[in-house]
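Beneath this line is the structure, given in structure tokens, with notes to follow.
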Amino acid sequence: MIRTIGLTGGIGSGKSTVSSLFAEQGAAIIDTDDIAHRLTRPCGIAIPAIRAEFGDHYIAEDGALDRAGMRALVFADAAARHRLERLLPPADTRQAETELLQAGTAPYAILVVPLLPQAPAFRRLVQRVLVVDCDEATQLARIIRRSRLSEVEARAIIASQTPRAERLKLADDIIYNDGDLDALADQVGCAAPQLPAKQRLTICWEYHISFAPNNPTTKHRATTA
Ligand code: ADP
């Protein structure tokens, strides 16, 4: 199986932006959010299991998951959220595994896992966990700017996700995305833009780079000049 980095982070932390930057360097990107959407669209392969667990009420007329209804349910009812979490990650993981096997000639893959990065089903697919992190004020501002949610709604989504401190404990490596897009690109660009792309990828994989050279809490620091 292709070498795989699990990329996670809270909503608005910058996962999609970071994964696009990795894609520019040739990494294969597999996003479990996209997979979950595909599995729960009309006739998606997760629909029968959701119907069996929750009844017809959460399946829309076109046969897709009623996302708004399910979102409201799992927000209000932690037990329902756990039931859904027991169903979806295994289905998402099976699909992710299939896509990783088909990743072709890419030197490595980034498996984007927005939700439940601690789930054993995902952990067994990745060799390293990379967390994209930013402070909560930045996160809130980005969510509100992107989606026009209110601050209360944005805070409620953050509160429903894995807590920041817990997520950081999962990290082998951390990208601190509190700066601008150039600062982010520098971190993902392996701080060695003069190298040929292939070499950069190898360096990236080995993490002989500093994702955040000036941050004393960076877990992995540069070992190359
Ligand atoms: P996620 O995938 O984690 O939800 P995104 O990558 O979609 O987060 O980023 C959230 C929003 O913040 C997007 O509109 C993105 O363009 C913007 N963004 C991400 N990183 C930066 C940055 N370093 N500087 C400015 N805007 C950023």
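Filtering the range 1-17 down to residues that are closer than 23 Å to Thr98 by Cα and of a type in the set (Val, Ile, Thr), which residue is most open to solvent (accessible area, probe 1.4 Å)?
Ile2
Just to verify a result, which residue in the range 141-157, among those that are in contact (Cβ under 8 Å) with a residue 12 or more places away in the chain and either closer than 18 Å to Leu168 by Cβ or open to solvent by 50 Å² or more (accessible area, probe 1.4 Å) (or both), is farthest from the ligand (Cβ to nearest atom)?
Taking the candidates together, the pick is Arg155.
Quick one: would you say Ile59 is without any contact (Cβ under 8 Å) to a residue 24 or more places away in the chain and either within 24 Å of Ala119 (Cα to Cα) or over 24 Å from the mean Cα position of the chain (by Cα) (or both)?
Judged against the criteria, Ile59 is a match.
Is it true that some residue in the range 121-130 is part of a helix (DSSP H, G or I), more than 13 Å from the ligand (Cβ to nearest atom) and open to solvent by 40 Å² or more (accessible area, probe 1.4 Å)?
yes
Go through the range 103-148 residue by residue and tally those that are acidic (Asp, Glu) and in contact with a Leu (Cβ under 8 Å, 6 or more places away or on another chain).
Of the residues in the range 103-148, 1 are acidic (Asp, Glu) and in contact with a Leu (Cβ under 8 Å, 6 or more places away or on another chain).
Give the residue that is surrounded by the fewest Cβ atoms within 10 Å (Cβ to Cβ), with candidates limited to residues of the range 171-191 that are within 10 Å of the ligand (Cβ to nearest atom) and part of a helix (DSSP H, G or I).
Here the answer is Asp182.
Restricting the search to the range 18-50, which residues are within 16 Å of the ligand (Cβ to nearest atom), open to solvent by 30 Å² or more (accessible area, probe 1.4 Å) and within 17 Å of the chain's Cα centre (by Cα)?
Result: Ser20, Leu21, Ala23, Ile29, Asp31, Asp33, Asp34, His37.
The values are calculated or read from the model by the stated rules, or taken from the named source; none is laboratory data. Because the structure is a prediction, the values reported are computed rather than measured. Every residue, glycine among them, receives a Cβ derived from its backbone with ideal geometry; neighbour counts consider all protein chains shown. Protein only, heavy atoms only, side chains kept; ligands, DNA and RNA dropped before computing areas. Shrake-Rupley method; radii C 1.70, N 1.55, O 1.52, S 1.80 Å.
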